[in-house]
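Written below as structure tokens is the structure these notes are about.
The values are calculated or read from the model by the stated rules, or taken from the named source; none is laboratory data. Just so you know, these numbers come straight off a predicted model, no measurement behind them. With ideal geometry, Cβ positions are generated from the backbone for all residues, glycine too; neighbour counts draw on all protein chains shown.
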Amino acid sequence: MPTEAHRTHHAIKQPAGRTAPNETLEAGHLASQLTAAWPFELAAYQLDLWHRSVRYLDTLRERANNMLEHERAGKPPLLDFDYETILDGRRLARPANYALLRITRVGDDCLEDCLDARNPPVMIVDPRAGHGPGIGGFKRDSEVGMALHEGHPVYFVMFFPDPLPGQTLEDVLHVLRRFVETVAARHPGQPPVLYGNCQAGWAIALLSADCEGLVGPAVLNGSPLSYWSGESGVNPMRLAGGLLGGAWLTHLLADLGDGRFDGAHLATNFESLKPANTLWQKDYQLFADIDGQRERFLDFERWWTGFYALSKEEITAIVENLFVGNQLERGELRVCPGCTVDLRRIRNPLMIFASSGDNITPPHQALNWIPTVYPSTAALKAAGQRIIYLLNTHVGHLGIFVSSKIARLEHRAILESVGELNDLAPGLYEMRIDNPTGDPDCHKPQFQVRFEERRVEDLDYPDQAPAFDRVRALSEHNVAFYETFIGPWVRLAVNPWMAETLRQLHPARTSRLMFSERFAPWMTGVKWLADVTEPARELLDDDNPCRQWEARVSESIATTLTIAGTARDSLFEMGFLSLYGWGLPSEDERRR
């Protein structure tokens, strides 16, 4: 099932070593314009380039200072809403570093007059995937904002930067269950709607399996439950466990952190997926439109550069049991002695929101667990379960949570349809949205939502389980070897001072903090230059030939890095298949 990006890439592919005639003519035209522009157009462009360069460096300086300020403040959740703490999970009998918040105010507007007593509460859980909480309420047009707009009481589950010593997944699930019980007690007769983003989605699935009758519909946004699924050449992240030899490296990094796993490692993994964006496009978009993109860039980087830690017990259980072991969909995940999670125990309706443009959690990983748990449509109906999925064709992973356009359409439509989910007959459905307006103030019937029945048998994704079973077996051997012969010596050598030094020297931090005046005193001069030159700046016309030439050079660099990333992913795929894929059917055999 190739994505739109894939199809587009193949549709425009040019033969190697040849240039399209129109591109040659356009390049020649720009070259002649550039020559004719001398000296006035070129002088104007050089002045604009100087101003943008100063402003760009000043933006990086401010990003570094924001990062330091956020850390000094204790890394609070970056919510664009006022809130109060209802329950601090660190103070429970079985504690974990989570807290339950209630959204109390939007700007100057108190919520009590806006809430609809007929609507159930919504509890939003953000992922612990390297960054801090807030992605679900990052701005007004967000999951939190849309839930408030529809009149739902909104609760938000946040977490603190550091885990408690020895904190386990069982501890986390125990605290989350207490949060669900607390919200349910505050709203009798209205089971809360659970909203899980990314990695929080599987936590919501575990809660649903454990809290039968206590929770309402669960919405899983970009959430992986089938970790071995994916499309060859499109979703390389799922291969990382095999190429690294399993989960032993996770044990090593957690030991080097003195029992804590630095979230900066996870952020670096995400950034490596798209080298063109990480190494060039993100920064060039800021540089090219420094006035229009500066605040948006700084707002997002406040969240992106806030790295949170996980305990060794948590991260190793996640990697071994989910990413490498894929035990959740197979009913083999043990969160405590004698406690095995069975997704068939889930009785509340599940709404799954995924995107074909998501290369981190593609639809394969969001949906392929369904035919594993329910082999047929008849089995799903016999279990009395309702599973609904909504697919977007292009938005990326983070866009599912932070895009205003997605919040104003998909999330609004989901929230307005929550009451209908319980009324559906058991079965599998696809949610379709017709005639979208994009207006956050509109309601049904200005847009229509349909639930079209589907068959479990039609969820036909390639099966690569034998290869990943070999990865799991190798991982278990490597982890046993590490913990027996290497781990004890690493833990003996590492102390808190060394762990903190390694944390501060992580490239994800140093590459940003190097622009702060605290580490680079000359950046004070950049701030002075930005303040002096900004009042005298004049915007350059987009039709300036020098500026057009700059854009073409940027496109060439981005294309080169994209090709390099694609080639790297292809090599990874070939290496994985050569190591673990023997005996698997080829693509042609699978099609036949």
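Could you list all residues from the stretch 531-561 that are modelled with pLDDT of 85 or more, within 18 Å of Gly292 (Cα to Cα), exposed (fewer than 12 other Cβ atoms within 10 Å of the Cβ) and small (Gly, Ala, Ser)? Result: no residue meets the conditions.
If the condition is being out of contact with any strand residue (DSSP E or B) (no Cβ under 7 Å at 6 or more places or on another chain) and either more than 23 Å from Pro76 (Cβ to Cβ) or surrounded by fewer than 19 Cβ atoms within 10 Å (Cβ to Cβ) (or both), then the stretch 161-177 contributes Leu164, Pro165, Thr168, His174, Arg177. Put simply, of Tyr56, Tyr45 the only residue that is modelled with pLDDT of 95 or more, part of a helix (DSSP H, G or I) and among the aromatic types (Phe, Trp, Tyr) is Tyr56.
A Cβ distance below 7 Å, combined with a sequence gap of six or more or placement on separate chains, defines the contacts here; from the stretch 412-441, residues that are over 20 Å from Leu220 (Cα atoms) reach residues that are at pLDDT 90 or above and surrounded by fewer than 17 Cβ atoms within 10 Å (Cβ to Cβ) in the pairs Asp434/Arg450. Within the stretch 289-340, if we keep just the residues that are among the polar types (S, T, N, Q) and in a loop (DSSP other than H, G, I, E, B), the residue that is farthest from Ala129 (Cα to Cα) turns out to be Gln327. Cβ separations smaller than 8 Å between residues 6+ apart or across chains give the following pairs from the stretch 531-558 residues that are outside any helix (DSSP H, G or I) to residues that are of a type in the set (Gly, Ala, Ser) and at pLDDT below 85: Asn544/Ala37. All but one of (1) farther than 19 Å from Ala200 by Cβ; (2) among the aliphatic types (A, V, I, L, M); (3) crowded, with 18+ Cβ neighbours inside 10 Å hold for Ala309, so report the exception by its number. The single condition Ala309 does not satisfy is (1). From the set of residues in the stretch 129-165 that are at pLDDT 95 or above and of a type in the set (Phe, Trp, Tyr), which is farthest from Phe300 (Cα to Cα)? That would be Tyr155.
Can you say whether Leu398 is at pLDDT 95 or above and either within 16 Å of Ala200 (Cα to Cα) or surrounded by fewer than 19 Cβ atoms within 10 Å (Cβ to Cβ) (or both), as far as the supplied structure shows? Answer is no for this residue.
Taken together, the residues in the stretch 448-460 that are at pLDDT below 90 and either closer than 20 Å to Asp423 by Cα or not in a loop (DSSP other than H, G, I, E, B) (or both) amount to 1. For the structure I just gave you, tell me whether Leu428 is crowded, with 21+ Cβ neighbours inside 10 Å and farther than 25 Å from Asn119 by Cβ. Taking the combined requirement at face value, the residue satisfies it. Just one residue in the set Ala267, Ala240 is more than 20 Å from Pro163 (Cα to Cα) and out of contact with any Pro (no Cβ under 6 Å at 6 or more places or on another chain); that residue is Ala240.
Taken as a whole, the condition of being on the phi > 0 side of the Ramachandran plot and of a type in the set (Lys, Arg) does not apply to Lys139.
Going by the structure shown, is Gly245 surrounded by fewer than 24 Cβ atoms within 10 Å (Cβ to Cβ) and either out of contact with any Cys (no Cβ under 8 Å at 6 or more places or on another chain) or under 30 Å from Thr510 (Cβ atoms) (or both)? Please lay out each step first, then the result.
Values: surrounded by fewer than 24 Cβ atoms within 10 Å (Cβ to Cβ): yes; either out of contact with any Cys (no Cβ under 8 Å at 6 or more places or on another chain) or under 30 Å from Thr510 (Cβ atoms) (or both): yes.
Criteria met by Gly245.
Selection of first residues in the stretch 257-281 that are free of Cβ contacts under 8 Å to residues at least 24 places away in the same chain and of second residues that are charged (D, E, K, R), restricted to Cβ pairs under 7 Å at least 6 apart or on distinct chains, gives the following pairs, ordered by first then second residue: Thr278/Glu271. Note on the stretch 346-381: residues that are aromatic (Phe, Trp, Tyr) and over 19 Å from Glu453 (Cβ atoms) total 1. The residues of the stretch 489-524 that are surrounded by 12 or more Cβ atoms within 10 Å (Cβ to Cβ) and either more than 34 Å from the chain's Cα centre (by Cα) or outside any helix (DSSP H, G or I) (or both), listed by number, are Val494, His506, Met514, Phe515, Ser516, Glu517, Phe519, Ala520.
Quick check, is Gly189 without any contact (Cβ under 8 Å) to a residue 60 or more places away in the chain, under 30 Å from Arg296 (Cβ atoms) and more than 23 Å from the chain's Cα centre (by Cα)? Explain how you work it out, then say what you get.
Numbers: without any contact (Cβ under 8 Å) to a residue 60 or more places away in the chain: yes; under 30 Å from Arg296 (Cβ atoms): no; more than 23 Å from the chain's Cα centre (by Cα): yes.
So Gly189 fails the test.
Candidates Ile346, Ile318: the one that is crowded, with 17+ Cβ neighbours inside 10 Å, within 20 Å of the chain's Cα centre (by Cα) and farther than 23 Å from Arg509 by Cα is Ile318. When the stretch 461-478 is limited to residues that are in a loop (DSSP other than H, G, I, E, B) and touching a helix residue (DSSP H, G or I) at 6+ places or on another chain (Cβ under 8 Å), the one that is nearest to Glu430 (Cα to Cα) turns out to be Tyr461. With a requirement of 3 or more residues that are under 19 Å from Ile370 (Cβ atoms), touching a helix residue (DSSP H, G or I) at 6+ places or on another chain (Cβ under 8 Å) and at pLDDT 95 or above, none of the helices (runs of 4 or more DSSP H) lying completely within the stretch 166-261 satisfies it.
Whenever a residue of the stretch 477-506 is within 28 Å of Thr305 (Cα to Cα), its partners that are not in a helix (DSSP H, G or I), lying with C-beta atoms within less than 6 angstrom and at least six residues away or across chains, give the pairs Val494/Asp258; Pro496/Asp258; Ala499/Gly257; Ala499/Asp258; Arg503/Asp262. Phe159 meets each of the listed conditions (1) of a type outside the set (S, T, N, Q); (2) more than 26 Å from His70 (Cβ to Cβ); (3) out of contact with any helix residue (DSSP H, G or I) (no Cβ under 7 Å at 6 or more places or on another chain); (4) in contact (Cβ under 8 Å) with a residue 12 or more places away in the chain apart from (2).
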